[in-house]
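Each remark here refers to the structure printed beneath this line.
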Amino acid sequence: MSGTEARVYLWWQKGVVYHVYPRSFQDTTGNGIGDLEGIRRRLDHLEWLGVDAVWISPVYPSPMADFGYDISDYTAIDPLFGTMEDMDRLVTEAHRRGLKVIMDLVPNHSSDQHPWFLESRSSRDNPKRDWYLWADPAPDGGPPNNWLSVFGGSAWEWDEATGQYYYHAFLREQPDLNWRNPEVQDAMLDVMRFWLDRGVDGFRVDVMWHMVKDHRLRDNPPNPDYSKDQPPYNRLLPVYSTDQPEVHDVVSMMRHLIDEYDERVLIGEIYLPIGKLVAYYGEDGSGAHLPFNFQLVELPWDAGKIYAAITEYEASLPPGGWPNWVLGNHDKSRVASRAGVEQARVAAMLLLTLRGTPTLYFGDEIGMRDGLVPPDRVRDPQALNLGDPSFSRDPQRVPMCWDDSEHAGFTTGQPWLPASPDTNEVNVEAQRDDPDSILSLHRRLLELRRQEPALQIGDYAPAGLDGNAFAFVREHADRCFLTAVNLGEAPARLRAARPTRGTVVLATDRRREGERVEGDVQVAGNQGLLVRLDS
């Protein structure tokens with residue numbers, strides 16, 4: 001029996017995660033902001049599509065300085081999104097349909113309105129003072145060191161009342177918790193228990209690599225590769241403000257708690273090079289189940305670079321480490337805008353046939369592009385703080401396009417962000433019954449993936465690169481598939497690394513389905529093929 005056949009694979013290894021940004025998915029109250037009841041009502045779509053889990057960005061009480069990533073109560077639901085009963089109903093209904101529910105956990109920082117921080121800043125001798133990162137001024141009276149906020153400016157905020165600075169990696173309204181404090185560790189583990197006991201199936205942990213900072217507060221070194229078209233945060237290398245060795249102890253604590261429950265998953269948001277990323281799997285499976293792999297989001301849409309990155313990633317995984325791939329999220333430009341509308345179809349085939357757990361961002365299944373948000377409608381604090389709309393994350397957060405009605409079927413009111421301008425064609429209703437639509441392509445890929453263990457859990461092997469096209473093989477037991485994708489416009493002829501004889505079972509251009517392949521694989525520009533190889 002081979003290693004592949006001997007293993008037992010869990011739902012989060014075989015399944016596909018669907019990422020919902022709740023403000024933008026479905027509004028049921030007419031206030032222009034999506035809610036939990038909206039997600040519940042749209043579970044039909046997720047079930048029909050064929051995904052296995054829904055990951056929901058934060059819905060906790062929040063002043064909304066960063067739209068929910070500034071949390072004032074970790075064990076409640078913001079009235080903007082509904083009630084705890086709505087959350088319970090959503091989890092119950094999702095489970096009834098065989099869908100898992102993953103919540104966002106934001107343990108690096110809270111809101112400055114959280115009771116913990118209100119106590120912490122009330123006086124230097126308050127019992128919760130050490131729950132956050134406080135420091136005396138530098139000798140010149142300025143910030144304790146040169147650390148920068150991701151959202152612009154110094155990461156230190158002066159507190160006049162207590163005569164110290166507090167640290168915030170993001171907005172000043174988001175003070176960082178002190179994860180070196182055992183009381184903070186216990187409090188956040190209790191938060192995790194609260195939600196796990198309510199039936200959620202796991203957590204996506206926000207900015208996991210930020211959670212522990214250098215205890216000596218040393219200055220970060222300058223970035224020699226910084227250019228002015230990058231955010232100001234990139235001026236320094238965050239050597240001491242992120243990815244500290246002790247963070248792995250924290251992740252291990254979280255994993256130990258998760259493992260007390262049946263088949264729950266721990267996912268980490270980590271923007272680090274592959275060599276550092278894979279350390280978050282932990283030793284002997286003591287870390288995150290899925291440290292998010294953002295290469296398909298971060299890399300140029302270039303076949304050679306992506307092919308090499310896949311090879312490096314597969315080679316870097318620790319024993320037992322399960323791969324994962326992310327194509328889009330609420331922080332990054334959509335793939336249809338990054339790579340182009342035609343390439344979005346190719347990207348779908350790549351995402352859903354690579355080895356590992358895929359994460360699909362809402363709206364990518366219909367080929368949504370970045371929205372057009374006028375300067376006077378910009379809401380993203382990152383862009384507002386930096387004074388530059390080019391750094392706005394609003395375009396990838398515009399509402400889901402359900403139909404061609406006003407506001408795309410998202411709301412009966414005024415949407416918090418304007419609906420996409422191409423709603424007439426790019427919507428679920430228009431594409432659902434069109435066999436050539438990108439939505440139908442996603443559904444067919446997901447259906448085939450569910451039917452074929454080779455595409456869910458099969459081994460991966462590279463199978464050739466030629467210019468803008470490359471291929472790889474997925475194999476399990478007696479079933480073998482070859483994926484060939486062309487990331488360019490010119491046709492390509494792939495000489496696969498192994499003899500290729502088989503039948504095209506799925507293609508981005510359906511006219512090629514059923515075609516026999518013998519020898520070289522010819523792939524037209526902007527095309528992807530999935531070939532079932534002869535046994």
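Where a number appears in this text, it was derived from the coordinates with a stated rule and is not lab data. Please read these numbers as outputs of a predicted model, since none were measured by experiment. Positions of Cβ are generated from backbone atoms using ideal geometry, with glycine treated the same way; all protein chains shown enter the neighbour counts.
Note on the stretch 459-533: the alpha carbon radius of gyration divided by the globular reference 2.2 N^0.38 Å gives 0.98. The order of the peptides 58-71, 436-449 by mean Cβ neighbours within 10 Å, most packed first, is 58-71, 436-449. Sorted from greatest to least, the principal axis extents spanned by the alpha carbons of the stretch 1-123 come out as 64, 38, 21 Å. Between the Cα long axis of helix 182-197 and the first principal axis of the chain there is an angle of about 40°, rounded to the nearest 10. When the charge dipole of the chain is built from unit charges on Cβ atoms (+1 for Lys and Arg, -1 for Asp and Glu) and taken about the Cα centre, the candidate among GLY268, TRP209, GLY15 whose Cα reaches farthest toward its positive end is GLY15.
Put a dot 7 Å past the Cα of THR29, heading toward its Cβ, do the same for ASP249, and the two dots end up 4.3 nm apart. Against the main long axis of the alpha-carbon atoms of the chain, helix 438-451 sits at an angle near 80°.
How high is the FRET efficiency from VAL8 to ARG124, r the C-beta distance, R0 45 Å, rounded to 0.05? Calculated transfer efficiency: 0.30. The fraction of Cα-Cα pairs per 5 angstrom bin, counted from 0 for the stretch 364-427, comes to 4, 20, 28, 21, 15, 9, 3 percent, rounded to whole percents. Potential lengthening of the chain between GLU406 and GLU425 amounts to 5.5 nm, from the contour at 0.36 nm per residue minus the alpha-carbon distance. Placing a pseudo-label 7 Å from each Cα along the Cα-to-Cβ vector at ASP262 and VAL239 gives an inter-label distance of 4.9 nm. The long axis of helix 341-353 is offset from the longest Cα principal axis of the chain by roughly 90 degrees.
Remark: the ASP459-ASP331 segment gains 43.0 nm on full extension, using 0.36 nm per residue and subtracting the alpha carbon distance.
Quick one: how many lysine pairs in the chain have C-alpha atoms under 23 angstrom apart, if they're 8 or more apart or on different chains? Don't skip to the end; give the middle numbers.
On the way: LYS14/LYS100; LYS128/LYS213; LYS213/LYS276; LYS228/LYS332; LYS276/LYS305; LYS276/LYS332; LYS305/LYS332.
Close lysine pairs under the 23 Å cut-off: 7.
For the stretch 204-240, trypsin sites (Lys or Arg not before Pro) are listed when DSSP marks them as loop and at most 14 other Cβ atoms sit within 10 Å of their Cβ; the list is ARG216, ARG218, LYS228. A straight chain from ALA76 to ASP186 at 0.36 nm per residue would run longer than the Cα-Cα distance by 37.8 nm. Note on the chain: semi-axes of the ellipsoid equivalent to its C-alpha gyration tensor, largest first and rounded to whole Å, are 39, 26, 23. Cα centroid separation, the stretch 136-196 to the stretch 364-431: 32 Å.
The ASP197 and TYR226 beta-carbon pair, evaluated with R₀ = 51 Å, returns a calculated FRET efficiency of approximately 0.65. With both bridge residues required to lie in the chain, what share of the DSSP beta bridges run antiparallel, to the nearest 5%? Roughly 65 percent of the beta bridges in the chain run antiparallel, per DSSP. The ARG96 and LEU317 beta-carbon pair, evaluated with R₀ = 41 Å, returns a calculated FRET efficiency of approximately 0.75.
Using a simple spin-label model with pseudo-atoms 7 Å out from Cα toward Cβ, LEU299 and ARG377 lie 3.5 nm apart.
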